[in-house]
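First comes the structure, then the notes that go with it.
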Amino acid sequence: MEKINSRIIKSLELKRESIMNEETIFGKILKGEIPCDKIHSDSLCIAFRDIQPQAPVHILIIPRKPITSLKEAKDEDIDLLGHLLIISKKVAIQEGLDNWRTVINTGEESGQTVFHLHLHVIGGRPLKWPPG
Ligand code: AMP
């Protein structure tokens, strides 16, 4: 029984790993295979409007480097992560925001649905705390 359980767990882990390694919708956006409402692009990242906005302003900032989530970011990504944060601030201000929330969902239970690291910039309405 224990052997069967560990085999099932192993196969679920492999399935999860292969899903994580598959190209995400953001990978396709980066390649230009799927359109997006882009508002910023540079050598390290792009920013575009979320397709299902949760507030009047809802922007996603994604690195060109395919990092699955913040959990997989490495020490060597320190400058890239700083860059993403600075760009998130710039696009928020560019969108006319004085108050906003920057969110990074990490892992399925946090609400992460696309396994390519991204920052949400959400604003344009009062935001409640704590989030759900
Ligand atoms: P998360 O749930 O933190 O992984 O965020 C993924 C976000 O990507 C969600 O807010 C989705 O609405 C958004 N999203 C998914 N597909 C697209 C797309 N094709 N263009 C723009 N935003 C998208």
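Here are the numbers for this structure:
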quantity: Residue within the stretch 75-84 that is in contact with a strand residue (DSSP E or B) (Cβ under 6 Å, 6 or more places away or on another chain) and either part of a strand (DSSP E or B) or closer than 28 Å to G132 by Cα (or both) present; calculated: yes
quantity: From I19, I78, residue being modelled with pLDDT under 95, more than 10 Å from the ligand (Cβ to nearest atom) and not acidic (D, E); calculated: I19
quantity: Flag for A55 being in a loop (DSSP other than H, G, I, E, B), crowded, with 17+ Cβ neighbours inside 10 Å, in contact with a Gly (Cβ under 8 Å, 6 or more places away or on another chain) and modelled with pLDDT of 95 or more; calculated: yes
quantity: Candidate set: the stretch 97-123, residues that are more than 19 Å from K65 (Cβ to Cβ) and in contact with a Gly (Cβ under 8 Å, 6 or more places away or on another chain); chosen: the one farthest from the ligand (Cβ to nearest atom); calculated: N99
quantity: Single unsatisfied condition, N99 versus (1) under 11 Å from the mean Cα position of the chain (by Cα); (2) loosely packed, with under 11 Cβ neighbours inside 10 Å; calculated: (1)
quantity: Evaluation of G82 against (1) in contact (Cβ under 8 Å) with a residue 12 or more places away in the chain; (2) surrounded by fewer than 17 Cβ atoms within 10 Å (Cβ to Cβ) (one fails), failing number; calculated: (1)
quantity: Leading residue by the ranking (farthest from the chain's Cα centre (by Cα)) among those in the stretch 56-69 that are within 11 Å of the ligand (Cβ to nearest atom) and hydrophobic (A, V, I, L, M, F, W, C); calculated: I59
quantity: Among the residues listed as I93, I87, I104, I122, the single one being farther than 17 Å from G27 by Cα, loosely packed, with under 14 Cβ neighbours inside 10 Å and of a type in the set (V, I, T); calculated: I93
quantity: Residues that are within 13 Å of the ligand (Cβ to nearest atom), small (G, A, S) and farther than 14 Å from L85 by Cα, drawn from the stretch 29-55; calculated: G32, A55
quantity: Selection status of R7, modelled with pLDDT under 60 and either more than 17 Å from the chain's Cα centre (by Cα) or within 13 Å of the ligand (Cβ to nearest atom) (or both); calculated: no
quantity: Pair list, Cβ < 8 Å and 6+ apart or interchain, from the stretch 29-40 residues that are assigned to a helix (DSSP H, G or I) to residues that are surrounded by 11 or more Cβ atoms within 10 Å (Cβ to Cβ) and of a type outside the set (D, E, K, R); calculated: I29/C36; I29/I46; I29/F48; I29/I62; L30/I46; L30/I62
quantity: Hey, L30 within 24 Å of G123 (Cβ to Cβ), modelled with pLDDT of 95 or more and under 15 Å from the mean Cα position of the chain (by Cα) or not; calculated: no
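The values are calculated or read from the model by the stated rules, or taken from the named source; none is laboratory data. Quick caveat, the model's predicted, so the values are computed rather than measured. No Cβ is skipped: glycine too gets one built from the backbone with ideal geometry, and neighbour counts run over all protein chains shown.
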